[in-house]
Amino acid sequence: MGRFRLRAGSLEVRLGPDEVQALTLVPGLLASVGREAGDPAAERLEVAAYPDDDEAQAEYGRLMGPELDGDRLRDRSTMYSSLDDARRGPVNLSLAEADAWLMVINEARLTLASRLGIEEEGWGLSEDRQVLPSPELALLVYLTEVQDDLIGALSDAY
Amino acid sequence: MSLSKGRNGLASSVSAAPGTIRRPSTRDRSDLDRGWNVVVWNDPVNLMSYVVLVFRKVFGYSEEKATRLMLEVHYEGRSVVSTSPRERAEMDCYTLHRHALWATLERV
């Protein structure tokens, strides 16, 4: 049986203890974004809507920035709360909660990839892409597998 | 974007085609304000399947249309995924940013 199964409008999540343990690395990872100057993850997660118009971007950032931060914090809180429940067995997520998982896992993947310096496609082919094996790459590969499963389960929901 | 599926029990991410990332630019935009395009740019990490799902969810596009736009992003480097008045375009761009897609706005 897979990790995720959509039925009756909710998503059933079944994770083994090792998987829950791996996913508990996500909160610390995302909390670290932007703590150090020049963190590429912060740049990747804060895309400019108006990259060539400073005035428009400043206004967009003023209006949307706090909302984006708040939404992301809520998404993360939703995921971490249900992840805690998943320690005790299968959990059922609403579609909104499943969406939060999807977005948070993606943020974590982008954070890892940007810090690993991944700028070209095909990074999974490590033998010819010079992405050296590391705990961060292992977590990125794992989160990619989880996200792939989650997308597959949610594809019938929309 | 990456196409991911486990091989030999391991997840991997493989490129459907080699390519470099085109950086967003809005300098070529017209002075005529006929609306605003929401542009999604290629990146090497977001999964193709994720991008398709986001397009379907955010814009209500069919699987076919979402896939066509995703492939345009992947092969052309960018795709105009919607056109609307500025306020609506900004909200759509915001929603795509919330999903961590590389989205920008440009005048039509």
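Restricted to the range B:80-97, and to residues that are in a strand (DSSP E or B) and over 12 Å from the mean Cα position of the chain (by Cα), which residue is nearest to B:Phe55 (Cα to Cα)?
At the first step, the residues of the range B:80-97 found to be in a strand (DSSP E or B) are B:80-84.
Checking which are over 12 Å from the mean Cα position of the chain (by Cα) leaves us with B:83-84.
On the way: B:Thr83: 14, B:Ser84: 15 Å.
In this case the residue turns out to be B:Thr83.
Select, from B:Val81, B:Val52, the only residue that is modelled with pLDDT of 70 or more, farther than 24 Å from A:Pro66 by Cα and touching a Phe, Trp or Tyr at 6+ places or on another chain (Cβ under 7 Å).
On the way: B:Val52 fails: touching a Phe, Trp or Tyr at 6+ places or on another chain (Cβ under 7 Å).
Just a single option satisfies the conditions, and that option is B:Val81.
Might you let me know whether the range A:31-39 holds any residue that is among the basic types (Lys, Arg), without any contact (Cβ under 8 Å) to a residue 60 or more places away in the chain and surrounded by 14 or more Cβ atoms within 10 Å (Cβ to Cβ)?
Residues of the range A:31-39 among the basic types (Lys, Arg): A:35.
Checking which are without any contact (Cβ under 8 Å) to a residue 60 or more places away in the chain leaves us with A:35.
Subsequent filtering for residues that are surrounded by 14 or more Cβ atoms within 10 Å (Cβ to Cβ) retains none.
Scanning the range A:31-39 turns up no residue that is among the basic types (Lys, Arg), without any contact (Cβ under 8 Å) to a residue 60 or more places away in the chain and surrounded by 14 or more Cβ atoms within 10 Å (Cβ to Cβ).
Only one residue in B:Glu63, B:Glu72 is charged (D, E, K, R), facing chain A (nearest Cβ under 10 Å) and surrounded by fewer than 21 Cβ atoms within 10 Å (Cβ to Cβ). Which one?
Details: B:Glu72 fails: facing chain A (nearest Cβ under 10 Å).
Sole residue among the options that is charged (D, E, K, R), facing chain A (nearest Cβ under 10 Å) and surrounded by fewer than 21 Cβ atoms within 10 Å (Cβ to Cβ): B:Glu63.
Pairs only if they're at least six apart or on different chains, beta carbon under 7 angstrom, first in the range A:52-68 and within 18 Å of B:Arg107 (Cα to Cα), second part of a helix (DSSP H, G or I); list them, first residue then second.
From the range A:52-68, the pairs are A:Tyr60/B:Glu90.
Filter the range B:84-107 down to the residues that are over 22 Å from A:Glu43 (Cβ atoms) and either surrounded by fewer than 15 Cβ atoms within 10 Å (Cβ to Cβ) or aromatic (Phe, Trp, Tyr) (or both) and list them by number.
Scanning the range B:84-107 gives B:Pro85, B:Arg86, B:Glu87, B:Arg88, B:Met91.
Give, as residue ranges, the helices (runs of 4 or more DSSP H) completely inside the range A:1-86 that count at least 2 residues that are more than 30 Å from B:Arg88 (Cβ to Cβ). First the steps, then the outcome.
Numbers: elements: A:17-23, A:25-31, A:40-45, A:54-86.
The qualifying helices (runs of 4 or more DSSP H) are A:17-23, A:25-31, A:54-86.
Pairs needed: first member in the range A:142-158, in contact (Cβ under 8 Å) with a residue 40 or more places away in the chain and within 13 Å of A:Leu11 (Cβ to Cβ); second member anywhere, of a type in the set (Phe, Trp, Tyr) and crowded, with 20+ Cβ neighbours inside 10 Å; C-beta distance under 6 Å; at least 6 residues apart or different chains.
Once the first residue is in contact (Cβ under 8 Å) with a residue 40 or more places away in the chain and within 13 Å of A:Leu11 (Cβ to Cβ) and sits in the range A:142-158, its partners that are of a type in the set (Phe, Trp, Tyr) and crowded, with 20+ Cβ neighbours inside 10 Å give A:Asp149/A:Phe4; A:Leu150/A:Phe4; A:Ile151/B:Tyr50; A:Ala153/A:Phe4.
The values are calculated or read from the model by the stated rules, or taken from the named source; none is laboratory data. The model shown is predicted, which means the values in this text are computed figures rather than measured ones. Neighbour counts run over all protein chains shown; Cβ positions are idealised from the backbone, glycine included.
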